[in-house]
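Visitor: A single structure is presented below for examination.
The values are calculated or read from the model by the stated rules, or taken from the named source; none is laboratory data. Just so you know, these numbers come straight off a predicted model, no measurement behind them. Positions of Cβ are generated from backbone atoms using ideal geometry, with glycine treated the same way; all protein chains shown enter the neighbour counts.
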Amino acid sequence: MFTQTINPLHFEDLEPHRFEDLIRQLMYDFKEWNSIEATGKLGSDDGIDILAVENFLEDSAEEDEIVVKQRVWIIQCKREKSISPKKVEVIIENDIKKQIDVPHGYILAASANFSKRSRDIFKLKLNELGVKEFYIFGKSEIEDLLYLPKYDHLLFAYFGISLQKRRSSIKSNLTAQLTTKRKLFKHVGDLNSLMYKNVFIRPANLSGYPKINDQKLLWRYYEAYTYMPFNCISLIAKRHYAYIDWATGEWDFIDSYDCAFTRYPEIFNYNYENDQNQSNQYKAFEIWNNLPDENKGFYTELKPIHFDRIVQIDELGDTYNNEATHLIVDYINDSPFEKRVVCILENVKRDQSQTIEANNDKKINII
């Protein structure tokens, strides 16, 4: 799951001896070693990078007696981009034939991925030379090891990546989202009771609250609508009187008045008398009220706030604005909303809810 969400590890950025150190540390618990030594750094042992001695148990000729014996392993490390089948054969011959005694085990670890032909040559050659036990680790196998929880410290030490911290971060984020969801369900409304509930949205970083900024209104009451899209609460950002032909899907709206910006509940210290939107209400309503009843409706724009951006839910409110639960939100560019907007057409009767998507191709000029 997690290995698919990060980029491939760049073994080529490691110095050759650093790559050897990584492989040696990965091999520490591969067998029950008596010793495992880095010999490549010393420039000795005919190019062998790591020489290891394994402890193993063997039944003794004496009845019920077990003897601890030792056997030698060679671990060869190649920090190279590609290794051909022929080169695999050369590496093995160079390592094995120069030894006085054939080692019991052999491991070839490389930062390259081995082809099937290379792996077949590897097995065939080591069998011919009398090596009893052998393993080949290409780039993919090494990455798989590093992604195991027990090697997370090596992944971090060599590549600066910690999947344990990543998992912990993901878990913390999901826990925070679930906590926010539960609080919203409790203090605003659940899946069945959210629609049209008032909420007060304000930024986490307040400046001069509750005094109103003449340039931009950064906090106000909204009506909630739905818990969509996923992990979001969508609010009615705009709402206009509209003409709707439910049979054809044709529609139009009166843009001079936004009835989503309601007079009640009132925002503390806001001058409604000088609000042009409020002044347009009566004229807009008069035009709309003259429409046939079957064509009256609302054009509504829904905008979501992601749970991640809700810093706190204050069900108590404050002395100034206390008519609804406060959602304290991390604003971006003076907005609490995500960029997504969903436009719908609604029936006027809330108890007989009927909605369709506002198709721009069906917009006409009728009001």
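Visitor: Would you point out the residue of the stretch 131-168, among those that are of a type outside the set (Phe, Trp, Tyr) and under 16 Å from Ile75 (Cα atoms), that is surrounded by the fewest Cβ atoms within 10 Å (Cβ to Cβ)?
Guide: In this case the residue turns out to be Lys132.
Visitor: Going by the structure shown, is Lys81 assigned to a loop (DSSP other than H, G, I, E, B), in the same structural domain as Leu9 (by TED's automatic domain parsing) and surrounded by fewer than 13 Cβ atoms within 10 Å (Cβ to Cβ)?
Guide: Taking the combined requirement at face value, the residue satisfies it.
Visitor: If you scan the stretch 337-364, which residues turn out to be out of contact with any Lys or Arg (no Cβ under 7 Å at 6 or more places or on another chain) and either within 14 Å of Arg220 (Cβ to Cβ) or in a strand (DSSP E or B) (or both)?
Guide: Result: Val342, Cys343, Ile344, Leu345, Glu346, Asn347, Thr355, Ile356, Glu357, Lys363.
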